[in-house]
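First comes the structure, then the notes that go with it.
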């Protein structure tokens with residue numbers, strides 16, 4: 001059985017499913033559309049076989065439907081898992097960055113942000129990492145300044161403070 005949590009060792013990604021909630025919803029929608037397409041194809045196919053002017057009994061026509069279905073069902077069982085895996089890999093390009101951003105935000109809030117956020121080469125929304133890193137750097141500077149025992153800088157002349165505020 002394929003482990004959907006892990007990619008092969010030669011991949012740069014650690015997980016096939018970056019965000020089970022989002023990617024699961026996408027997979028469920030695709031499965032619903034695939035089921036609807038298969039049902040539509042089956043109904044149209046059966047109707048054309050049963051409504052044709054061929055001689056024979058209903059059993060003969062049912063066997064004809066099953067005979068034709070045997071040729072396309074195995075292909076369907078081969079294509080669907082490949083399509084699902086490709087869909088997961090594609091959705092990782094946007095779900096993965098958001099998961100990493102969420103994790104880095106949680107670490108930053110907890111004061112445990114050891115390094116800037118970087119996305120992989122083909123990930124979507126790479127500009128979010130740059131914006132996050134700017135906010136992260138500014139927050140770390142502000143936190144460091146707030147730890148400074150001398151406190152915030154105050155101007156020597158109180159009137160200068162009023163001028164600074166007005167400017």
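The values are calculated or read from the model by the stated rules, or taken from the named source; none is laboratory data. Just so it is clear, the model here is predicted, and its values are computed rather than measured. Please note: Cβ atoms are built from the backbone with ideal geometry, for glycine as well, and neighbour counts cover all protein chains shown.
Structure notes:
- Count - residues of the stretch 102-117 that are surrounded by fewer than 17 Cβ atoms within 10 Å (Cβ to Cβ) and assigned to a helix (DSSP H, G or I): 6
- Residue tally, condition part of a helix (DSSP H, G or I) and either at pLDDT 65 or above or closer than 14 Å to residue 111 by Cα (or both), over the stretch 122-167: 22
- Of the residues making up the stretch 34-56, just one is loosely packed, with under 10 Cβ neighbours inside 10 Å and either within 32 Å of the chain's Cα centre (by Cα) or part of a helix (DSSP H, G or I) (or both), namely 51.
- Among the residues examined, residue 71 does not qualify as loosely packed, with under 10 Cβ neighbours inside 10 Å and modelled with pLDDT of 85 or more.
- Being out of contact with any strand residue (DSSP E or B) (no Cβ under 8 Å at 6 or more places or on another chain), free of Cβ contacts under 8 Å to residues at least 12 places away in the same chain and more than 30 Å from residue 45 (Cα to Cα) holds for only one residue in 104, 145, and it is 145.
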